[in-house]
1. Kindly provide the trypsin sites (Lys or Arg not before Pro) of region 88-117 that DSSP labels as loop, not H, G, I, E or B, and whose Cβ sees at most 12 other Cβ atoms within 10 Å.
2. Find the Cα radius of gyration of the chain, compare it with 2.2 N^0.38 Å by division, and give the number to two decimals.
3. 7 Å from Cα along Cα→Cβ at both S109 and C179: what's the point-to-point distance in nm?
4. Just from the alpha-carbon atoms, what are the Rg and Dmax of region 80-149 in angstroms?
5. In region 101-182, what % of DSSP beta bridges are antiparallel (nearest 5)?
6. In degrees, nearest 10, range 0 to 90: what is the angle between the Cα axis of helix 117-135 and the longest Cα principal axis of the chain?
7. In nanometres, what is the gap between the two model label sites at W129 and K62, each 7 Å from Cα along Cα-to-Cβ?
8. May I ask you to compute the full-extension gain from T22 to D140, defined as 0.36 nm times their residue separation minus their alpha-carbon distance, rounded to one decimal in nm?
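A short reminder: the numbers here are calculations on the coordinates, not readings from a lab. This one's a predicted model, so the numbers in the text were calculated from it and none came from an experiment. We place every Cβ from the backbone using ideal geometry, glycine too, and count neighbours over all the protein chains shown.
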Amino acid sequence: MLRELLSRWPVVRQIKTGGNGTGPEAMSQRTRTLKPKIEGAKVARSVCPYCGVGCGQLVFHKNNKLVSIEGDPESPISRGRLCPKGSDTFQLHTHPARLTKVKYRAPYSRSWQEIPLEQAMDMIADRVWDTREHTFIEKDDGASVMHTLGIAHLGGATLDVEENYLIRKLFTGGLGMNCISNQARI
Ligand code: SF4
């Protein structure tokens, strides 16, 4: 009993193993059994959504859930580093205080009302489609243009590479929009 208690004492382990107190001899049982949170997770490569520097990120996921987002050591831009903003990308997606409702002020109304995100998305889709229907131009000076100048899109800094790809594909090829830009477009 006493022997076992003593063997758990790091100083005793240090004396017995001849270690300098910075290796396994200084670890508690709990520390020895700790596992990294990304153990067993799959990883996908992405780019930090926040700014045009474009630091590389590794997105770890397990059972269709995000586990962690960390700097990508193989990125030639950032070599594993993320600034404080890029480091909180995981919280951007998972924080419980993330807003899930939308504030809406109806035309001529003086007050805001809260509506579900789904409803807001449907309203935006209806308006986009209506505007396209009313502004789509097939020919300009006899030349085929097949576009609309009635809608523009300005992306936010938190759009990632995959979202920007889909936006570009849908809005240009799909809807015929010309005016598309994004804060992190480098
Ligand atoms: S916000 Fe920070 S981590 Fe993200 S791309 Fe810009 S510099 Fe890199």
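1. Answer in residue order: R98, R105, R110.
2. For the chain, the normalised Cα radius of gyration is 1.67.
3. 2.7 nm
4. Considering region 80-149 through its Cα atoms, Rg and Dmax are 19.9, 55 Å.
5. 60 percent
6. Helix 117-135 sits roughly 30 degrees off the main axis of the chain.
7. 4.2 nm
8. Computed gain between T22 and D140 is 35.0 nm.
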